[in-house]
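What follows is a short report on a single structure.
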Amino acid sequence: MSARPKLAHLVLMTANLPTLRDWYIRVLGAHVVYENGVLCFLTFDEEHHRLALVSPPRAPLQARTPFTIGMHHSAYTFPALNDLLDHYTELKSMGIEPLTPIQHGLTTSLYYRDPDGNLVELQIDNFAHAQAATDYMLGAEFAADPVGPAFDPQRMLDALRAGTPVATLLTRAWAQSGPALPNPMGRLTSPVGH
């Protein structure tokens, strides 16, 4: 293939368009480009739309479950750890808390569940270059646990503010040094509301 495609946008079906629209506006800092009651196009960057919401009239949509075949989650990257944790603080002040934070090793990630039950990952890349992340994925630590441990984002924020180096906070060793937390895969595959 001579030209490489890049991901342009995601489209979600919903029976609850206004609630879902407002949630993504808050969580992604998005704004509405176009909306007509059936369709809503949102963007948060240079693209004309990154997310579309579709609410088909008179269509009996069924609720998504963690066991529904299809997309598991969408992910959005922040430039730096302080940006991710500042956004965590903003969302927490609005009552939006992560379902589970995970130190994947290649990313530091906060997973949220939108009002329809879709998983949304807010993350930072822990490596400056994609090849370094790929090398990590081919290494022993990732092979032993390709998901990684949960961590407490408030503890991470407090440690960052106290002067703990970012490089230390982006390790699985730091994540594991905190209190024991529920298995993140259990949280990601639990029924909505649990």
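The values are calculated or read from the model by the stated rules, or taken from the named source; none is laboratory data. Every value quoted in this text rests on a predicted model; they were computed, and no experiment measured them. Using ideal geometry, Cβ is built from the backbone for each residue, glycine included, and neighbour counts are taken over all protein chains shown. Heads up: the accessible areas ignore ligands, DNA and RNA and are worked out on the full protein's heavy atoms, side chains in. Shrake-Rupley method; radii C 1.70, N 1.55, O 1.52, S 1.80 Å.
Here are the numbers:
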| quantity | calculated |
| --- | --- |
| Residue that is most open to solvent (accessible area, probe 1.4 Å) [pool: residues in segment 64-81 that are β-branched (Val, Ile, Thr) and over 18 Å from the mean Cα position of the chain (by Cα)] | 69 |
| Among the candidates 84, 61, residue that is open to solvent by less than 40 Å² (accessible area, probe 1.4 Å) and either in a strand (DSSP E or B) or out of contact with any His (no Cβ under 6 Å at 6 or more places or on another chain) (or both) | 84 |
| Failed item in (1) of a type in the set (Gly, Ala, Ser); (2) touching a residue at least 40 places away in the same chain (Cβ under 8 Å); (3) out of contact with any helix residue (DSSP H, G or I) (no Cβ under 7 Å at 6 or more places or on another chain); (4) under 30 Å from residue 161 (Cα atoms), with residue 15 passing the rest | (4) |
| Leading residue by the ranking (nearest to residue 188 (Cα to Cα)) among those in segment 82-108 that are aliphatic (A, V, I, L, M) and within 13 Å of the chain's Cα centre (by Cα) | 99 |
| Pair list, Cβ < 7 Å and 6+ apart or interchain, from segment 134-152 residues that are more than 20 Å from residue 100 (Cβ to Cβ) to residues that are surrounded by 14 or more Cβ atoms within 10 Å (Cβ to Cβ) | 136/105; 136/106; 136/127; 136/142; 137/106 |
| Of all residues making up segment 1-47, the number that are touching a Pro at 6+ places or on another chain (Cβ under 9 Å) and either outside any loop (DSSP other than H, G, I, E, B) or surrounded by 14 or more Cβ atoms within 10 Å (Cβ to Cβ) (or both) | 9 |
